[in-house]
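The values are calculated or read from the model by the stated rules, or taken from the named source; none is laboratory data. This one's a predicted model, so the numbers in the text were calculated from it and none came from an experiment. So basically every Cβ, Gly included, is an ideal-geometry build from the backbone, and we count neighbours across all protein chains shown.
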Amino acid sequence: SYRKGGYHAVRIGDSFNGGRYIAQRKLGWGQFSTVWLAYDVQSSRYVALKIMKSAPQFAQAALHEIEVLSAIADGDPSNSKCVVRLVDHFKHTGPNGQHLCMVLEFLGDSLLRLVKYNHYKGLQLNKVREICKCILIGLDFLHRELGIIHTDLKLENILLISTIDPGKDPIKSSLVPILERPEGNPNGGVTMSIVEKKLKRRAKRAVARISEGRDSMVGVRESPKSERCLDGIDMKCKVVDFGNACWDSKQFAEEIQTRQYRAPEVILRSGYSFSVDMWSFACIAFELATGEMMFTPKSGQGFTEDEVLYSSYTGSTMSHGYDNYDRSPCLENDHLALMMELLGKMPRKIAIGGALSKDYFDRHGDLKRIRRLKYLSLDRLLINKYKFSETDAVEFAAFLSPLLDFAPEKRPTAQQCLQDPWINFRNLTLNKAKSESSIEKVGVGMGKLQIKVGK
Ligand code: ADP
Ligand code: MG
């Protein structure tokens, strides 16, 4: 991919946009780009530099992403809406052609990494709640204020924010690479080596602060031995990757979303709107709380007549029974079956209402190729498989279920979710604790009777 039309090869210390940005280390890459931690000499901050491949179709995709990110930045001047901020953009010419570059605020690890470092166990529910709240603030802003649909929400596309001076001191999550780097800069520029030295000094100071317990680690670089390692990490995050985003009034693609997070109306081609993001959001919340994806459709390839698909929920063999006509059901069939096993039968009108409905459903609204479904409600699943307490399961399921309504227009909006009792649960208990303690205080002054009333 490092050829004409492809990625731009970057070396540590390379400078961009007239010397303003200096590459520090690679942060990640995608289909279209490589992303680098860079030092912004002008603002003395770290930024993420996204360098697109140079071929015209990538340049066009980049221009689209810049357009969306600019609308976001204009709509959120105080940068408080839990969506990544575009700082700058420019063109960079290299041996492989001209690359569009986006400069974004530097963020931390993705939620996928967070779940991975937590050994794919569910996070504590109050952490899930905090993360959900951030995502909802971002979605409410995108949907209601800008009319933008993200269309690709998933764990990789939500990044944590450092709580210590966000954007300004990301050095703590990049300590090792900087400390291990040899003195001086590979290109030998004077300015460069000053920057390098400054970086090293800051890195050493940060290490000292952390080891003396004066600061906490922000990024989740080390694999924690238990979830307690995540204690004290404020779970603030932002939505990123607007490469596939669109305006509700100006949609580009029929097939959107990453498969596991894809809403039923997208599979059936019934048209979509903001509520596709709400479906993906529910899938994310489930995954954070359980450590496992809510829907993992499998293709039935290789299945023989007597074999049955193992349900991803129950782990038992009692899942879909495929009839004799087709023993290799496609992913979409399995996906729709999994949805119905968890959420109940899809209403006939919805099942037969899409341009592709005929591929999957008969005229009665039953799946053509999968006959027997094993239903298991969301709260039972949380209790049986993920060992939630009864209360936790019922409350969490009550929050998620409406978001997974087969009728897109019935799903709550991000704004409505922000009012949900589950999202506000912690505040409720805090207030309750507060009012209880004040009753007790009154009680002490007024004698035993009052204390009894307080309890
Ligand atoms: P693509 O559109 O090519 O998929 P992304 O925008 O998803 O590119 O970025 C690719 C990777 O780069 C991400 O998965 C993440 O690891 C990293 N990354 C992207 N933006 C940032 C950022 N603002 N801060 C830190 N890392 C980032
Ligand atoms: Mg991506």
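See the values below:
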quantity	calculated
Residue match in the stretch 80-88 (condition: surrounded by fewer than 19 Cβ atoms within 10 Å (Cβ to Cβ) and either within 16 Å of ligand 2 (Cβ to nearest atom) or part of a helix (DSSP H, G or I) (or both))	no
Options Val276, Val207: the member that is touching a helix residue (DSSP H, G or I) at 6+ places or on another chain (Cβ under 8 Å), of a type outside the set (S, T, N, Q), at pLDDT 95 or above and in a helix (DSSP H, G or I)	Val276
Meets criteria (away from ligand 2 (no atom under 16 Å from the Cβ), at positive phi and touching a residue at least 40 places away in the same chain (Cβ under 8 Å)) for Gly97	yes
Identity of the residue in the stretch 241-265, buried (at least 24 other Cβ atoms within 10 Å of the Cβ) and among the aliphatic types (A, V, I, L, M), that ends up nearest to ligand 1 (Cβ to nearest atom)	Ala245
Qualifying residue in the stretch 14-26 (condition: under 18 Å from Asp241 (Cα atoms) and not in a loop (DSSP other than H, G, I, E, B))	yes
Some residue of the stretch 46-54 being crowded, with 17+ Cβ neighbours inside 10 Å, touching a residue at least 24 places away in the same chain (Cβ under 8 Å), more than 14 Å from Leu104 (Cβ to Cβ) and away from ligand 2 (no atom under 16 Å from the Cβ)	yes
Inter-residue pairs, beta-carbon under 6 Å, first touching a residue at least 12 places away in the same chain (Cβ under 8 Å) and in the stretch 58-77, second crowded, with 17+ Cβ neighbours inside 10 Å and β-branched (Val, Ile, Thr), 6+ apart	Ile72/Val83
Of the criteria (1) near ligand 1 (Cβ under 9 Å from one of its atoms); (2) surrounded by fewer than 17 Cβ atoms within 10 Å (Cβ to Cβ); (3) not basic (Lys, Arg), which one Gly18 fails	(1)
Residues of the stretch 100-117 that turn out to be away from ligand 1 (no atom under 12 Å from the Cβ), in contact (Cβ under 8 Å) with a residue 60 or more places away in the chain and assigned to a helix (DSSP H, G or I), as a count	3
Filter result for Ile12 (modelled with pLDDT under 95, over 30 Å from Leu146 (Cβ atoms), among the aliphatic types (A, V, I, L, M) and surrounded by fewer than 20 Cβ atoms within 10 Å (Cβ to Cβ))	yes
Count of residues meeting criterion [more than 7 Å from ligand 1 (Cβ to nearest atom), among the small types (Gly, Ala, Ser) and either surrounded by fewer than 17 Cβ atoms within 10 Å (Cβ to Cβ) or more than 15 Å from Leu107 (Cβ to Cβ) (or both)] in the stretch 24-45	2
Residues located in the stretch 35-70, provided they are in a strand (DSSP E or B), of a type in the set (Lys, Arg) and at pLDDT 90 or above	Lys50
Count of the stretch 95-114 residues which are at pLDDT 90 or above and within 15 Å of the chain's Cα centre (by Cα)	2
Qualifying residue in the stretch 45-58 (condition: of a type outside the set (Val, Ile, Thr) and at positive phi)	no
Subset of the stretch 1-42 that is of a type in the set (S, T, N, Q), away from ligand 2 (no atom under 16 Å from the Cβ) and in contact (Cβ under 8 Å) with a residue 24 or more places away in the chain - its residue that is nearest to Lys91 (Cα to Cα)	Asn17
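A quick yes/no check of all residues on (1) over 19 Å from Arg85 (Cα atoms); (2) more than 26 Å from the chain's Cα centre (by Cα):
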| residue | (1), (2) |
| --- | --- |
| Arg3 | yes, yes |
| Arg11 | yes, yes |
| Gln24 | yes, no |
| Trp29 | no, no |
| Val35 | no, no |
| Ala38 | no, no |
| Ser44 | no, yes |
| Leu49 | no, no |
